[in-house]
Structure formats: C-alpha cells, structure tokens
Amino acid sequence: MIYICSDKDCYYIAERDVPLLKCPDCGGELKRVREEMLDPARLNSLGVWRMQHLKRENLEEDLKKAAACFERSYLLGNPIAAENLGLCYERGDGRERNMAVAAGLYRYAAENGNISACYRLGICYEYGIGTEKDEHLAFELFTRSAKGCDGRASLALGQCYEFGKGTGTDKRQAYLCYLSAASMGIPQAYMCLGNCCHEGVGREKSYENAFLWYQKAFSCGQNNAAILSNLGEYYLLGKGVKQDTRTGRKYLKEAVKKGSDYAMYILGQSYERGLGVKANIKTAAAWYEKAAEKNIAEACYRLALLYAEGEYLEQDMGKAKELCARAEADFTYSDNSDLEDFPELKAGVLRLLKKFRELEGR
Ligand SMILES: [Zn+2]
C-alpha cells in the first residue's frame, strides 16, 4: 500500500503493509493511493523511497520496481527522474548496465534544467563514457552545473582549469573553483586546495595553509595514499606544523601500505637524517632503492650520491651515473620540469652529472 501526505506542499511518500495515520514529516493526514494515480514528482519520490528501503532477500525485484517508477516519471517529462533512471543504467540497478542509455538520459535531464545531470553528462564527455570524448563540451557542462551551485562540478571545473582540459590553463581560476567546491563541502576539494598551497598554484605558497587543508581532508575521511604521504612529510619535517617525527613516520608507513611511492623516499629520509628513528644509512638506502624503482627523482638523486661517495654503500660510479640520469630525465619529461619547482634537487643532480663528466674527461 502506498501512502502520501494530503498536504499538497509535502512530498512524503511511503509504501508499507501496516497503515500509517499521520505524516512523519508535517503531521498532516496520510491517504492511500494507487501507484497509477501518482503524478510525476511523486512517482519519482516513490522510486527514491524504494531505493532507500531495498530488502536484501528481494533485491533484484525491488531495484526493478524502483527503476520502473523513475522510468514512468521520466516518460511523463520529469528531468529529476531522468537522472535517477540514468543512474540505474550506469550502476546496473534494476536495469542492465548501459552507459549509452545513461548518457542519453543525463542529456535529456540536463537539457531540461537538471544541474546535477549536467555534471554527470560532463563526466561522460570528459572520459568518453557512453558518448564520444569531448573535453570542451565537458568544460561547458561543468561550468553550467557549477553556476547552479553543484560542488562536484566546481571541483571538476577546477581540474579543467588547472590542467588545461577543454579550456586554457588558468591556475588562479582553478584555485577559486576548488575554494568554491570546498565551501559546498566536497572533501576532495580540500586535498586540491592543500596541493595549491603546497605548490603555489593560483596563490602564494604556504605550508601552514597546506597543512590545514590536508588535515581537514583527513578528518573528513580522505585517508588515501597521497593525503597520508603529505601529512607524514609535514609532520616529519615540521613543515607548516610543529615537528612530530613519530606521527610523521606513522602516517608515512600507512601511506606506503596504501601504495605511495613518494612516501618510501621520505621514510628513507627519516632513516638518513635520524628523524623519529635511529639514523641508519643502509636502511635509508634500501628505501631509496624502492622509491627509485618507481622513478621518484629525489630518491634517484639521494641514492646516486650515496653510490658516488662510497662511504656507506660500496662505491659504484656506473650505478650513480645511471640513477642521476634517471633523476634528470624525470624533471626533463614530467610535468615538474620547472627549474623553480625543485631548485635544490635540480642543482644537486646537475652538480653530480658535471662531476661525472670531469671524472671521465681525466
Ligand atoms: Zn506531510
């Protein structure tokens, strides 16, 4: 039995076996209705209600019934139901998974003023899912959705501006988009803002501010490898926060477990410099070795130095030279090619390469 609220401004709807007298939302009278009598908005609400009250033992059947509500509402012209039906096709909920159909439904919804569907359609175009790839169109859709205050779209727009996807690169605009997404509570934007402060993207560098954003991201459950590695580095080296080598190493070890290559290099640093642990160059070198295998330029350079000096590791100029060349290649070919970004590292590598050339010249 389906119950709806008799107050025309209240959209409470529920499907239940035991009768209910009062609306739990507004206290108004509830009345029983047949599903066929529902208007498009209430049909969509019934679909949402069914999605939220799925029974494990009857999952497929329940999903199909929810999708059917969205479909009937969509066929009556409801752009919100079109998006919900699109999600059913995207996730394979009550419908066979079909991204082309999903993208078509998002398109219909977006054309009829659904801001959230605008964002979803943008994602389809950004990656060419269920439709052709078109980054310019994705950028336009994200812009429209962000103007309608969709925080996910602001985040996506920030990425377009930061990396020049579908538009020219504009770091300042990227930073402002991330701020806007953060103000709408999108946790992934906190991480992006941390990186902006860390690298000086669209604003001046500030390790203090970067730390605060990373911390905020972490407290919102963003505990991926990158966040843990950043927090670990900040605590270990006392960047933007009071130095706490124990906490730093704890985060770094977690980051390594979750697959961060850079964290292996920083852990190596903690052993080389005796931060939070007794200094041990051999252990440091072992961590650098692992990070160097993943082409972390800093690790290649530190390891090259240790091989060239021959004090703690057996001297091996061939290895040192090869590692140095890899560090140099990393910032010649990667995005981090600016000399200004890594002045110390680059200067060190160049110094070492020059030394090799002098030795060979002799
Ligand atoms: Zn009500």
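The values are calculated or read from the model by the stated rules, or taken from the named source; none is laboratory data. Keep in mind that what you see is a predicted model, and the values were worked out from it rather than measured. Quick reminder, even Gly has a Cβ in these numbers, built from the backbone with ideal geometry, and neighbours come from all protein chains shown.
So here's what we get for this one:
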item	result
Contacts under 8 angstrom Cβ, first residue in the range 1-28 being closer than 19 Å to residue 51 by Cα, partner exposed (fewer than 10 other Cβ atoms within 10 Å of the Cβ), 6 or more apart	1/17; 1/19; 2/34; 3/19
Tally, over the range 314-328, of residues that are buried (at least 19 other Cβ atoms within 10 Å of the Cβ) and hydrophobic (A, V, I, L, M, F, W, C)	4
Any hit, the range 74-81, residues being among the aromatic types (Phe, Trp, Tyr) and within 16 Å of the ligand (Cβ to nearest atom)	no
Residue list for the range 144-171, filter: touching a helix residue (DSSP H, G or I) at 6+ places or on another chain (Cβ under 6 Å) and hydroxyl-bearing (Ser, Thr, Tyr)	145, 154, 161, 167
2 or more residues on the phi < 0 side of the Ramachandran plot, under 28 Å from the mean Cα position of the chain (by Cα) and surrounded by 20 or more Cβ atoms within 10 Å (Cβ to Cβ): qualifying helices (runs of 4 or more DSSP H) within the range 35-96	79-91
Positions within the range 1-56 being of a type in the set (S, T, N, Q) and within 12 Å of the ligand (Cβ to nearest atom), in sequence order	6, 45
Within the range 245-268, considering residues that are among the polar types (S, T, N, Q) and surrounded by fewer than 21 Cβ atoms within 10 Å (Cβ to Cβ), the one nearest to the chain's Cα centre (by Cα)	247
Residue identified as in contact with a Ser or Thr (Cβ under 9 Å, 6 or more places away or on another chain) and closer than 20 Å to residue 305 by Cβ among 275, 228, 252	275
The range 279-313, subset among the acidic types (Asp, Glu) and part of a helix (DSSP H, G or I), residue surrounded by the most Cβ atoms within 10 Å (Cβ to Cβ)	298
Filtered residues of the range 142-175 (kept if in a loop (DSSP other than H, G, I, E, B), farther than 13 Å from residue 119 by Cβ and of a type in the set (D, E, K, R))	165, 170
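Condition check ((1) touching a Leu at 6+ places or on another chain (Cβ under 6 Å); (2) not assigned by TED's automatic domain parsing to the domain that holds residue 105) across all residues:
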residue	(1), (2)
16	no, yes
24	no, yes
45	no, no
48	no, no
60	no, no
66	no, no
70	yes, no
